[in-house]
Amino acid sequence: MAEINLKQAEYTAEIVKKSGVRNMLPEEQPREKLMKYGPDVLTDSELLAILLRSGTQGMNVMEVSRTLLERSGGIHKLARHDWEEISGIRGIGKVKAITLVAVFELARRLSQDSEAEKIFFYYPEQVYSYFGPMLRDQQKEIFIVGYLNSAKQLTGYDRISVGGANATIVDPNEVLRKAIINRAHNIMLVHNHPSGNPRPSQADTKLTKRIQSGARMVGMDVADHVVIAGYEWTSFKKLSIIE
């Protein structure tokens, strides 16, 4: 942190000396700063300004960027918005909104280990580590089934359903059909709670037990069901909801 502050001070001192930099367009200043000192010294609004590239009538790109963060409640909440919501903010049209949503999705994917063949789920912490970046910022409830081999190695996964802010409809038969097609030995259930409360609901428990009952009939089992709510999570195994 001290090193970043020092870089920031050096940059500030330099632009005071150089009238040319002082007279740069707002969209050019963050780019110059990044090239000179690296991306880690830029603020969230400056990084956004580079992506947005230009402002709008009566607002330069830095003002648009700051407004975007203020209206959304910060960078983490902004990452949860869909492109339609973002495009409704002044200075952000369809193209800019789609660009931001694409960048946030890339960031989520980079947070995951890209080599699924090396992923093993022995503990719920490992499940959260893999699926957390994908689900924790979502505003809609998403239900995922992961396919495990006999060594509890993740061989693939599918999004079974996407619902609203409070619930999603999941068909246990579809979960089992997908698991059979993918030749799973066991299955890992994962879904998110956009409300921020990681506690399983009665509906979550009922659904999980139905899936577990059906899985056992075809020689599989539910390894666990992990509920992700922001940076918190809950394991059905740890809560002894399932064996």
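Read-outs throughout are calculated quantities, based only on the coordinates presented, and are distinct from any laboratory measurement. Computed from a predicted structure; not experimentally measured. Cβ coordinates were reconstructed from backbone atoms using ideal geometry, including for glycine residues, and neighbour counts include every protein chain displayed.
Each Cα pair under 8 Å and six or more residues apart adds its separation to the average, and for the stretch 99-243 the resulting relative contact order is 23 percent. Dipole check for the stretch 102-237: with +1 at the C-beta of Lys and Arg, -1 at the C-beta of Asp and Glu, and the Cα centre as origin, the magnitude is about 320 Debye. Cross-link pairs exceeding 26 Å between alpha carbons, from the set 118/237; 140/209; 152/238; 77/209: 77/209.
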